[in-house]
Amino acid sequence: MTPIKHVAGRAIPFGRKNVDTDVIIPSHYLKTITREGLGKGAFETIRREPGNIFDTPEYAGAPILIAGDNFGCGSSREHAAWALLDMGLTCVIAPSFSDIFSGNAFKNGILTVVLPQEAVDRLIEVAQTDPIDIDLETQTVTTPFQDRFTFEIDPFRKACLLDGLDEVGLTLAQGDIISAHEAGLRAQLPFLASANA
Amino acid sequence: MSKKLRTLYEKIWDAHVVERRDDGTCLVYIDRHLVHEVTSPQAFEALRVAGRKVRRPDLTLAVPDHNLPTTARRDAAGKPIPIADAESAAQLDALTRNAHAFGIRLIGDADAEQGIVHVVGPEQGFSLPGATIVCGDSHTACHGGLGALAFGIGTSEVEHVLATQTLLLKQSKSMEVRVEGDLGPGVSAKDVVLHICGQLGAAGGTGYVIEYTGSAIRNLSIEGRLTISNMAIEHGARAGLVAPDETTFAYVKGRPYAPKGADWDKAVAWWKSLATDPGATYDKVVVINAADIEPTVTWGTSPEDTVAIGGVVPAPESFADASKQEAARKSLDYMGLTPGQKLAEVEVQNIFIGSCTNSRIEDLRAAAEVLRGRHKAANVKWAIVVPGSGLVKAQAEAEGLHEVFIAAGLEWREPGCSACLGMNPDKVPAGERCASTSNRNFVGRQGPGARTHLVSPAMAAAAAVTGRLTDVRELMR
Ligand code: SF4
């Protein structure tokens, strides 16, 4: 995964509450076999609204999305995270996220930043005209206007994101304890240790 | 030294912990991994991109089920009939290619053993008591009917298991749902689990692993226990469990992947030791009287929306909670039902007997029993029976059940998920009702605008005969 230390640039001031994963990526896109290309279906229903924020030229390629409360609720589809990544987003800021969505986002290298509603409102205001800066090392969000908000993040997730480590890679590095467990299984519970038809 | 008293869940959990971290997260070993075509392509893709291998292809079994058509798959000359939907075909094709590329056994559409993963796993003896079993599908809890710790996972987790044969998990709380007493005539395992969904609510089991206990559960066959555990997720629990016993051992013995010889004796001894210690405590206990359970149907768009077949559609105002009132209003609108309406007067146009909840041989026998010598009602336009696997199909045909279905005007299909979720061409038309033996009555689950009433196989058969939701006891001889 690409390490995330710093995300800076334009932020899409979306702000809507309770955006579920069906809005992020409608179910008719779920029959794909790759992670790429889902950006074209992201926020499809919203993009049908004339003048919608996602198709406003100045936000094209923006790396940050500012959302409302409970972002990513609904079905657990991981396609929602893939769709955001495919749009070029690497960070989402919101007052709260659904647990499953923030887990999926993390697993795919997207930083989710939780800030109080007032801070999110201020960032939405700034994002109308100016860029936003997120520093993961110091856990701060800043603007060109001296705004400075700090956020909390699970230390394990922070370390993984900073180093671009994915969970699979980390667990693979523990191959020896997994092998030891397998050896124990072969000795104690051989019928579980292998499956032969 | 006194040993801590443990539940079945805690014993299985402890036996699989590879490493326990300070924050309570555990690296848990996974014994069996079932893979189907919908949630695996991106996991395999990620392995390929990172240059990673499947750690234990021998503990992994791939079976296509969701997208397969249930009509004939080969022409008269034995050549495969192409699948019309390009995306379905691409997912199925990807599973075949990935299984070959990563050295995983594939039970493909042409194999006699093909079927729904949750039917195939137990049937092949691949799913075993005491094992940790995962699959990229929320109804993986099904295998808990054998006493396995089984649960659904997302695509990133599928990748994690493929690469490492482990998962990072936090232990859940434990709940006992005890069903005591004898089930009345016409009341099946499906009615029991629908009743549990109604009692607990769709989120009642959230954060728990549920062990189903009590004489009513003990007296069920493995098929019935699989039906109950299958719907654990529909009352919020990630996994369900029934303690392995003599019924379980008799079911597992002799199946293709089942332990053999000295291994068998070792296995049985271990399985017996897994039973919850007398005096061990659960975080929560719910007791249900079996005599209170009647043939049950759903009226709404959540599996918690259950009512006995003799009952009426509830009024939204009858619910205490404001958000449930609102949800009930929306449900009734979607379902085209009015408060006070008798369920037994609701006409149905479609019948679906199938899905990983109710497509095993016992389910088909129960449906055939009701349909024998009868015919579906004229207003029932579409009625299909979809066996859970090729082996179930063969067994049913050996017993002549298919002839009963066909004589009654029902279609006898090839195995797969079918109208449970309508990813293949089997869908319920918008605005029409279906008496369905599947597990989810969500909005649009069986097709856009489709109205689902969840029922048992015998109740679905009864509805086919009368053309309306019907108390199967009226048709019992
Ligand atoms: S039968 Fe239905 S619930 Fe079961 S695995 Fe298939 S789609 Fe999922």
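The values are calculated or read from the model by the stated rules, or taken from the named source; none is laboratory data. Only a predicted model underlies this, so the values are computations on that prediction, with no experimental measurement involved. Every residue, glycine as well, gets a Cβ built from its backbone with ideal geometry; the counts of neighbours run over all protein chains shown. Note: accessible area is taken over every heavy atom of the protein model, side chains too, but ligands, DNA and RNA are not part of it. Shrake-Rupley method; radii C 1.70, N 1.55, O 1.52, S 1.80 Å.
Return an integer: the convex hull volume of the alpha-carbon atoms of the protein assembly as shown, in Å³ per residue.
168
Looking at the protein assembly as shown only, what percent of DSSP beta bridges run antiparallel? Nearest 5 please.
Of the beta bridges lying entirely in the protein assembly as shown, close to 30 percent run antiparallel.
Can you find, among A:116, A:4, A:25, the residue farthest towards the positive end of the dipole of chain A? Put +1 on the C-beta of Lys and Arg, -1 on that of Asp and Glu.
Value: A:25.
Tally the DSSP beta bridges in the stretch A:6-164 and give the antiparallel ones as a percent, rounded to 5.
45
Rounded to the nearest 20 Debye, what is the dipole magnitude of the stretch A:85-161 about its Cα centre when Lys and Arg each give +1 and Asp and Glu each give -1 at the C-beta? Intermediate results must be reported in sequence, preceding the final value.
Details: 5 positive and 12 negative charges, 50 e Å.
It comes to approximately 240 debye.
To the nearest 100 Å², how much accessible surface do chains B and A hide from each other in total, with a 1.4 Å probe? Intermediate results must be reported in sequence, preceding the final value.
Details: alone 18230 and 10490 Å², together 25130 Å².
Interface between B and A: roughly 3600 Å².
For the stretch B:4-33, which trypsin sites (Lys or Arg not before Pro) pass both filters: DSSP loop (anything but H, G, I, E, B) and at most 12 other C-beta atoms within 10 Å?
Filter output for the stretch B:4-33: B:4, B:21.
If you place +1 on the Cβ of every Lys and Arg and -1 on the Cβ of every Asp and Glu, how big does the dipole about the Cα centre of the stretch A:49-197 come out, in debye to the nearest 20?
The calculation lands at about 600 debye.
Tell me the carbon and sulfur percent of the accessible area for chain A, rounded to whole percent, probe radius 1.4 Å. Numbers along the way, then the final one.
Details: 4540 of 8580 Å².
C and S fraction of accessible area: 53 percent.
Charges only on Cβ, +1 for Lys and Arg, -1 for Asp and Glu: so what's the dipole of chain B about the Cα centre, in debye to the nearest 20?
In debye, rounded to 20, chain B gives about 540.
Quick one: with all protein chains in place, what share of the accessible area of the stretch B:8-169 is carbon or sulfur, to the nearest percent (1.4 Å probe)?
In the stretch B:8-169, the share of accessible area belonging to carbon and sulfur is 53 percent.
With the other protein chains left in place, how much accessible area per residue, in square angstrom, belongs to the protein assembly as shown at a 1.4 angstrom probe?
Details: 25130 Å² over 674 residues.
Using a 1.4 Å probe on heavy atoms only, each residue of the protein assembly as shown averages 37 Å².
Lys and Arg at +1, Asp and Glu at -1: add these up for the other residues within a Cβ distance under 11 Å of residue B:380 and post the number.
Net local charge, residue B:380 excluded: +2.
Which percent, to the nearest 5, of DSSP beta bridges fully inside the stretch B:8-169 are antiparallel?
Of all bridge pairs located within the stretch B:8-169, approximately 40 percent are antiparallel.
Between rounded, prolate and oblate, where does the stretch B:8-169 land on the alpha carbon gyration tensor, with a ≥ b ≥ c its root eigenvalues, rounded for a/c under 1.5, else prolate if a/b exceeds b/c?
Working: a/c = 2.52, a/b = 1.64, b/c = 1.53.
Verdict is prolate for the stretch B:8-169.
Rounded to the nearest 0.05, what FRET efficiency do residue B:347 and residue B:319 give with R0 = 22 Å and r taken as the Cβ-Cβ distance? Could you check?
Calculated transfer efficiency: 0.30.
Would you give the gap between the C-alpha center of the stretch A:117-188 and the C-alpha center of the stretch B:44-62, rounded to a whole Å?
26
Can you list the residues of the stretch B:33-60 that have at least 50 square angstrom less accessible area with all protein chains present than in their chain by itself, probe 1.4 Å?
With the partner chains in place, the stretch B:33-60 has these residues losing at least 50 Å²: B:42, B:45, B:52, B:55.
Pick from A:158, A:107, A:40 the residue whose mean-square fluctuation is largest in a GNM of chain A, springs joining Cα atoms under 10 Å.
So, out of A:158, A:107, A:40, the one fluctuating most is A:40.
Pairs B:11/B:173; A:5/B:53; A:40/A:158; B:79/B:427: which exceed 18 Å Cα-Cα?
A:5/B:53; A:40/A:158; B:79/B:427, as the Cα separations exceed 18 Å there.
Take the alpha carbon atoms of the stretch B:18-41, find their center, do the same for the stretch B:409-460, and report the distance between the two centers in whole angstrom.
Their Cα centres are 31 Å away from one another.
Let me check I've understood the local charge: for residue A:105, count other residues with C-beta under 15 angstrom from its C-beta, Lys and Arg +1, Asp and Glu -1. What total comes out?
Value of the local net charge: -3.
Determine the share of the stretch B:315-467's accessible area contributed by carbon and sulfur atoms, expressed in whole percent, with a 1.4 angstrom probe.
54
If the viscosity is 1.567 mPa s and the temperature 4 °C, what translational diffusion coefficient in µm²/s does Stokes-Einstein give for the stretch A:6-164 when Rh comes from Kirkwood over Cα pairs? If you can, show how the numbers build up before the last one.
On the way: Rh = 15.6 Å.
In µm²/s, the coefficient is 83.
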